[in-house]
Amino acid sequence: MRNVGCNAYKTDFIYPRKEKLNELKDTINYRKFIKIYNEKLKKMPKIERDVYLSNKSINPCLYGKVAIAGNGDIMPCLNAKNHVLGNINSQSISEILKDGLLDRYWYSVKDIIEDCKYCEFRYGCRDCLFLTHEFKNDKISKNIFCNYNPYKGIWKEL
């Protein structure tokens, strides 16, 4: 990383591709994960006012971050393997920042997601955009693990 002018960085887990997650949907482990995920979501910790307010304008998971794969591909997140913005071998991160290519991800707030924009928990909701949402026709859908119905104000049981 220092070779490309980045002195401050950290590593993150690499999760399976979405296709692999779809294979897991029929397994008992997947159902167990969904149940645990939703129980934790129901018990979300109180969120600080400044975090709540910043979540109205930025994506708290992605904002200010960039991922570089071993082959040099630049992505907004390691889980965004299908959203390559460039390659460090042919362009710099500065060029990508100047072109605004990361803005779409950094500023993707819950207000642009159809069901989420009606949810009273949307600015306190913490999830991984690329691991838990589906991209259909370049639009982001509701978190695939969320069992909350914002129209009725109830949690669906599994």
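The values are calculated or read from the model by the stated rules, or taken from the named source; none is laboratory data. Predicted model, so just to flag it, every value in this text is computed and none were measured. In this analysis, Cβ positions are derived from the backbone assuming ideal geometry, glycine residues included, and neighbour counts consider all displayed protein chains. For the accessible areas, the whole protein counts, side chains as well, though only heavy atoms, and no ligand, DNA or RNA atoms are used. Shrake-Rupley method; radii C 1.70, N 1.55, O 1.52, S 1.80 Å.
Looking for whichever is of a type outside the set (Lys, Arg), more than 30 Å from Glu157 (Cα to Cα), at pLDDT 85 or above and exposed (fewer than 10 other Cβ atoms within 10 Å of the Cβ) here; the options are Asn3, Asn87, Asn7, Asn71. Which one fits?
Details: Asn3 fails: at pLDDT 85 or above; Asn87 fails: exposed (fewer than 10 other Cβ atoms within 10 Å of the Cβ); Asn7 fails: at pLDDT 85 or above.
Only one candidate passes the filter, namely Asn71.
Report yes if some residue within segment 91-98 is open to solvent by less than 40 Å² (accessible area, probe 1.4 Å) and either closer than 27 Å to Tyr151 by Cβ or without any contact (Cβ under 8 Å) to a residue 40 or more places away in the chain (or both); otherwise report no.
yes
Among the numbered criteria (1) of a type in the set (Phe, Trp, Tyr); (2) at pLDDT 90 or above; (3) surrounded by 15 or more Cβ atoms within 10 Å (Cβ to Cβ), which single criterion is violated by Phe121?
So the condition that Phe121 fails would be (2).
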